[in-house]
Amino acid sequence: MRSFKTDTLEVQIHPSRIVMGVVAADKVATRIWQLLKEQPFVNIIFAAAPSQQEFLEALVLQPGIDWQRVNAFHMDEYVGLAADAPQGFGNFLKERIFSRLPFREVFYLNGNAADTAAECSRYAALLQQYPPDIVNMGIGENTHIAFNDPHVADFNDPALVKVVDLDEACRQQQVNDGCFANITLVPRYALTLTVPALMRGRYIYCMVPGKNKAAAVKHTVHDTVQEQYPSTALRRHPAAVLFLDNDSAQQISLSSFNIK
């Protein structure tokens, strides 16, 4: 493993996405154990994406965690997708982790709510009631975090959850990831936790494997912190770790950093 810091963000580069996922799961499990010694419950936000699969699989297999003291959230959801669609983020996470572990509560974001504004308010109230201890997330090809694409990202957003329209690059990524056959099938709108909602997590673990994410990773670690590259917000968080594999790290100028 190679590691360095960019501002306050710790960056780890692992030899493969499998190793990356296992190491990230070990790190998150250790944090959960620590927090459960200090408080009655732990609140965790999860991302739904192919980039998270190795991490989620390894986390499910972690021994000794009292999942009955863990509350789970997810960070975004399409608007108007069929309730049983496998591309739905709640469904993705239900299959891979939520139905496989005995969580205390799983709070689903409903993209089919009749009143999306009311649904945003409902979910925001839950996030206020159960402030996130841990945020497990990824970065999009356009550097989005959750569904905060560059044109809607607001580092000072007053909302915790909002409705957004998805940009072309974001929708194309869903095709690139194999989630949809073509871009016309990708919903144009979604509900998302905002950048401030994600940054409220006490600890952030961001898993970003694959060559398709190399340009986004480069922007994340090298560019000025700005809403044009939403993932740069991670560099202002006091306890965030970015987990990469060799493919996603290939455009980083390592000579710019003190590599360990």
**OP:** Check Val152, Val163 and return the single one that is closer than 19 Å to Val79 by Cα, open to solvent by 60 Å² or more (accessible area, probe 1.4 Å) and not in a helix (DSSP H, G or I).
**Re:** Val163
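Conditions tested, residue by residue: (1) β-branched (Val, Ile, Thr); (2) under 18 Å from the mean Cα position of the chain (by Cα); (3) open to solvent by less than 30 Å² (accessible area, probe 1.4 Å).
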| residue | (1), (2), (3) |
| --- | --- |
| Arg122 | no, no, no |
| Ile134 | yes, yes, yes |
| Gly138 | no, yes, yes |
| Asn142 | no, yes, yes |
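In the set Ile13, Ile18, Ile65, which member is part of a helix (DSSP H, G or I), modelled with pLDDT of 95 or more and of a type outside the set (Phe, Trp, Tyr)?
Of Ile13, Ile18, Ile65, the one residue that is part of a helix (DSSP H, G or I), modelled with pLDDT of 95 or more and of a type outside the set (Phe, Trp, Tyr) is Ile18.
Within the range 223-233, count every residue that is open to solvent by less than 10 Å² (accessible area, probe 1.4 Å) and more than 13 Å from Pro196 (Cβ to Cβ). Give the derivation first.
Pass one, the range 223-233, residues open to solvent by less than 10 Å² (accessible area, probe 1.4 Å): 230-233.
So of that shortlist, the ones also more than 13 Å from Pro196 (Cβ to Cβ) come out as 231-232.
Here the count works out to 2.
Out of the residues in the range 202-222 that are under 14 Å from Glu141 (Cβ atoms) and touching a His at 6+ places or on another chain (Cβ under 9 Å), which is surrounded by the fewest Cβ atoms within 10 Å (Cβ to Cβ)?
Filtering first and then ranking leaves Ala216.
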**OP:** Working carefully through the options Gly80, Gly90, find the one that is open to solvent by 20 Å² or more (accessible area, probe 1.4 Å) and either touching a strand residue (DSSP E or B) at 6+ places or on another chain (Cβ under 8 Å) or among the β-branched types (Val, Ile, Thr) (or both).
**Re:** Gly80
Original post:
Given the conditions (1) outside any strand (DSSP E or B); (2) closer than 18 Å to Ala146 by Cβ, which single one is not true for Val106?
Top reply: (1)
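Does Ala159 satisfy the criteria of being at pLDDT 95 or above, closer than 14 Å to Ala49 by Cβ and of a type in the set (A, V, I, L, M, F, W, C)?
Numbers: at pLDDT 95 or above: yes; closer than 14 Å to Ala49 by Cβ: no; of a type in the set (A, V, I, L, M, F, W, C): yes.
So Ala159 fails the test.
Tell me which residues, restricted to the range 177-187, are surrounded by fewer than 15 Cβ atoms within 10 Å (Cβ to Cβ) and either of a type in the set (Phe, Trp, Tyr) or within 18 Å of Lys213 (Cα to Cα) (or both). First the steps, then the outcome.
Let us first name the residues in the range 177-187 that are surrounded by fewer than 15 Cβ atoms within 10 Å (Cβ to Cβ), namely 178, 181-185.
Gly178, the sole residue that qualifies.
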Original post:
Quick check: is even one residue across the range 63-71 open to solvent by 10 Å² or more (accessible area, probe 1.4 Å) and touching a strand residue (DSSP E or B) at 6+ places or on another chain (Cβ under 7 Å)?
Top reply: yes
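The values are calculated or read from the model by the stated rules, or taken from the named source; none is laboratory data. Fair warning: this is a prediction, and the values are worked out from it, not measured in the lab. Note that we place each Cβ from the backbone using ideal geometry, even for glycine, and neighbour counts take in every protein chain shown. These accessible areas exclude ligands, DNA and RNA; they are computed on the full protein's heavy atoms, side chains included. Shrake-Rupley method; radii C 1.70, N 1.55, O 1.52, S 1.80 Å.
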